[in-house]
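Peer 1: One structure coming up, written as structure tokens, with questions to follow.
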Amino acid sequence: MNTATRVLLVSLFSTAVLAGCKSKAVQDTPPPATTPPPTTTPAPSTSGLYGPDDLDRDECLRQRVVYFDLDQDSLKPEFQAIVGCHAKYLRDRPSARINLEGNADERGSREYNLGLGERRGNAVSSALQANGGSGSQLTVISYGEERPVCTESNESCWQRNRRVEIVYTAR
Amino acid sequence: MTNRLPMRWHALLLLTLLLPFAALAQRQGLEIDIVGGNASALPITIVPMPYQGSASAPQTDVASIIRADLERSGQFRTLPEANIVERPTRGAEIQYPTWRTLRQDYIVVGRVLDAGDGGYRVEYELFDVARQQRLLGLALTARANAMRDVAHQIADAIYEKILGVRGAFWTRIAYITQVGTGGNARYALMVADSDGFNPQTVVRSSEPLLSPAWSPDGQRLAYVSFERGNSSIYIQNITTGARELVASFRGINGSPAFSPDGRRLALTLSRSGNPEIYVMDLGSKALTQLTNHFGIDTEPTWSADGASVYFTSDRGGRPQVYRVAATGGGATRVTFDGTYNATPTVSFDGKKIAVAQGSGNTYRIALMDSSLGSPRWSMLSPGSLDESPSFAPNASMLLYAAREGGRGVLYAVSADARVRQRLVLADGDVRSPAWSPYRNSR
């Protein structure tokens, strides 16, 4: 497969992911079409399926954090590709399990933020399932504002805390 | 017990969780800092109460504790000890012209005597200066380690005699502390006297703790712990240390709140896929679902009569306070001012509701007072990231959490917003304050 073909297939794949509800089409495409996006990735194994080692090697699968806008729980377009490759991993590895850890920034009440974190976790869970992951592979846990990665009170810090972390509990 | 080697921490954590908190006295305390004043407060002099026994003098300065209690209530202005020019210890020794000159309305005199068994007896009297009339004359005995309790009880009696409202100084506060960040973070559920003294550890954890709530008898705390990975709710007896896991469902297990009769627990569960308010019968553990809405419903708190539950919901788009019957049914919106009102705390008479009110990036504690009919709003805190208000049982003051200089601190503020007192843990963050119910007389 030459580079031009791969780029084309990647963009087709991304379009399918962006379409969301058309995820069935992705599944029906021949295996090469679901090759993960990054062109820097080493060639996939002969079967075209993800294996456990890809979680450490694959450029897309190594991205495990999805960020959100203030008070929002909708998935931003730039994170669709990440969701796409993790969904493919779940399809390729039915025994894989993911915890989706939802988080919020420090503003507002702690218990309400538990709810916000869960909404964000649910948004990623829905997107993964829309792309072929199974609900039985996914567990949403909300930490609200209790697990910040940044503790300063400013927007650059807050936006790093409004996130869902994709944590593999079984590869 | 407090000087464990760090390497042994994990091995002993479980054991620690099971131990009664009384064995786990913390070294760190809370700093006290009064940041405001009230010109219309009642002037009162608390004369130092000397030890007149024949054994060893108590460590505790009873008069200074009474003075600090009355001062931070916002209702009194106490004469600084340096200005107390005469030091009577009995009513007969009071020179009234002196205190009239100093424009004092009230004066309290007393002395500390031996009570046998190493204990003490505090005798005190309260006088109206203008009428030269004795309003109170009482004596309390206590062991040496309970002298702060005695001082708070005297402050309560003075407060009630003059204002006609039960004092709430002899109460406790629960709160969460965090030391360290990220993987090194260590959390503790603490209990202290209402002035921040005498802090005791109830539970330590390497995972987040939040939302402590008192049982009406003041013997148990419900709280949220992430020690099992997901949120779960425990109820712990703070005297014996015995604890029980009461909610560990799929999804959120949050916001516990005891009913006024102590038999039920309101809580937030998202086991249905979305956060809803439930009431758990603590005997049978049976659940009654109070809300059913796709919005986030959380932070339930009971009305004093137990008939209704206030909660936060964003069913209207943004978080606001709603009320629902404790048996379920339709919810009524309660707050209409402001775009973000959350974490309601309700006064004992149901007339005042305090919330964390957000506006842009500023969150302040706001009070909605319906004593005179239509609600009147006032701001109790300056912001900018204030949260978790909690009424004292007499509604004269509130606790809340704030961030200052990058750390979490607690404030106690009078309900008229005129006096604020900062309670700062010497090391780390403090948050999620909860004011206890009244304590029963010993």
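The values are calculated or read from the model by the stated rules, or taken from the named source; none is laboratory data. In this text the structure is predicted, and so the values were computed from the model without any measurement. So basically every Cβ, Gly included, is an ideal-geometry build from the backbone, and we count neighbours across all protein chains shown. Only protein heavy atoms, including side chains, enter the accessible area calculation; ligands, DNA and RNA are left aside. Shrake-Rupley method; radii C 1.70, N 1.55, O 1.52, S 1.80 Å.
Peer 1: Out of (1) out of contact with any helix residue (DSSP H, G or I) (no Cβ under 9 Å at 6 or more places or on another chain); (2) within 26 Å of B:P260 (Cβ to Cβ); (3) modelled with pLDDT of 95 or more, the odd one out for B:D386 is which?
Peer 2: (2)
Peer 1: Out of everything in the stretch B:159-181 that is of a type in the set (A, V, I, L, M, F, W, C) and out of contact with any Pro (no Cβ under 8 Å at 6 or more places or on another chain), what residue ends up being nearest to A:E145 (Cα to Cα)?
Peer 2: B:V179
Peer 1: How many residues does the stretch B:347-363 hold that are away from chain A (no Cβ under 11 Å), part of a strand (DSSP E or B) and crowded, with 22+ Cβ neighbours inside 10 Å?
Peer 2: Summing the residues that are away from chain A (no Cβ under 11 Å), part of a strand (DSSP E or B) and crowded, with 22+ Cβ neighbours inside 10 Å in the stretch B:347-363 gives 2.
Peer 1: Can you find a residue in the stretch A:133-149 that is open to solvent by less than 30 Å² (accessible area, probe 1.4 Å), within 14 Å of chain B (Cβ to nearest Cβ), in contact with a Ser or Thr (Cβ under 7 Å, 6 or more places away or on another chain) and in contact (Cβ under 8 Å) with a residue 60 or more places away in the chain?
Peer 2: Among the residues of the stretch A:133-149, not one is open to solvent by less than 30 Å² (accessible area, probe 1.4 Å), within 14 Å of chain B (Cβ to nearest Cβ), in contact with a Ser or Thr (Cβ under 7 Å, 6 or more places away or on another chain) and in contact (Cβ under 8 Å) with a residue 60 or more places away in the chain, which makes the answer no.
Peer 1: Quickly run through the stretch B:66-124 and pick out the residues that are in a loop (DSSP other than H, G, I, E, B), without any contact (Cβ under 8 Å) to a residue 40 or more places away in the chain and among the hydrophobic types (A, V, I, L, M, F, W, C).
Peer 2: Scanning the stretch B:66-124 gives B:L79, B:I84, B:V85, B:I94.
Peer 1: Next question. Name the one entry in B:N198, B:N184 that is open to solvent by 10 Å² or more (accessible area, probe 1.4 Å), out of contact with any Pro (no Cβ under 9 Å at 6 or more places or on another chain) and within 25 Å of B:M49 (Cα to Cα).
Peer 2: B:N198
Peer 1: Could you name every one of the strands (runs of 3 or more DSSP E) located completely within the stretch B:397-437 that has at least 3 residues being free of Cβ contacts under 8 Å to residues at least 40 places away in the same chain?
Peer 2: Result: B:397-404, B:407-414.
Peer 1: Still on this structure, I have one more. Within the stretch A:93-171, considering only strands (runs of 3 or more DSSP E) that don't extend past its boundaries, which have at least 1 residues that are of a type in the set (S, T, Y)? I'd like the intermediate steps shown before the answer.
Peer 2: Details: elements: A:97-103, A:138-144, A:163-170.
Those strands (runs of 3 or more DSSP E) span A:138-144, A:163-170.
Peer 1: Collect the residues in the stretch B:400-421 that are surrounded by 18 or more Cβ atoms within 10 Å (Cβ to Cβ), among the basic types (K, R) and away from every other protein chain (no Cβ under 14 Å), keeping them in residue-number order.
Peer 2: Matches in the stretch B:400-421: B:R420 only.
Peer 1: Here's another thing I want to ask about it. Could you please let me know if B:A192 is buried (at least 19 other Cβ atoms within 10 Å of the Cβ), in a strand (DSSP E or B) and more than 14 Å from chain A (Cβ to nearest Cβ)?
Peer 2: Spelling it out, B:A192 is indeed buried (at least 19 other Cβ atoms within 10 Å of the Cβ), in a strand (DSSP E or B) and more than 14 Å from chain A (Cβ to nearest Cβ).
Peer 1: Residues that are polar (S, T, N, Q), open to solvent by less than 50 Å² (accessible area, probe 1.4 Å) and within 14 Å of chain A (Cβ to nearest Cβ), at least 1 per element: which strands (runs of 3 or more DSSP E) completely within the stretch B:225-302 meet that?
Peer 2: In the stretch B:225-302, B:230-237, B:253-258, B:264-269, B:297-302 are the strands (runs of 3 or more DSSP E) which contain 1 or more residues that are polar (S, T, N, Q), open to solvent by less than 50 Å² (accessible area, probe 1.4 Å) and within 14 Å of chain A (Cβ to nearest Cβ).
Peer 1: Taking the options A:N154, A:N99, A:N122, name whichever one is at pLDDT below 95, within 10 Å of chain B (Cβ to nearest Cβ) and open to solvent by less than 60 Å² (accessible area, probe 1.4 Å). Walk me through how you get there before you give the answer.
Peer 2: Numbers: A:N99 fails: at pLDDT below 95; A:N122 fails: at pLDDT below 95.
Being at pLDDT below 95, within 10 Å of chain B (Cβ to nearest Cβ) and open to solvent by less than 60 Å² (accessible area, probe 1.4 Å) holds for just one of A:N154, A:N99, A:N122, which is A:N154.
Peer 1: Report yes if B:T339 is open to solvent by 20 Å² or more (accessible area, probe 1.4 Å) and within 13 Å of chain A (Cβ to nearest Cβ), otherwise no.
Peer 2: For B:T339, the condition - open to solvent by 20 Å² or more (accessible area, probe 1.4 Å) and within 13 Å of chain A (Cβ to nearest Cβ) - is met.
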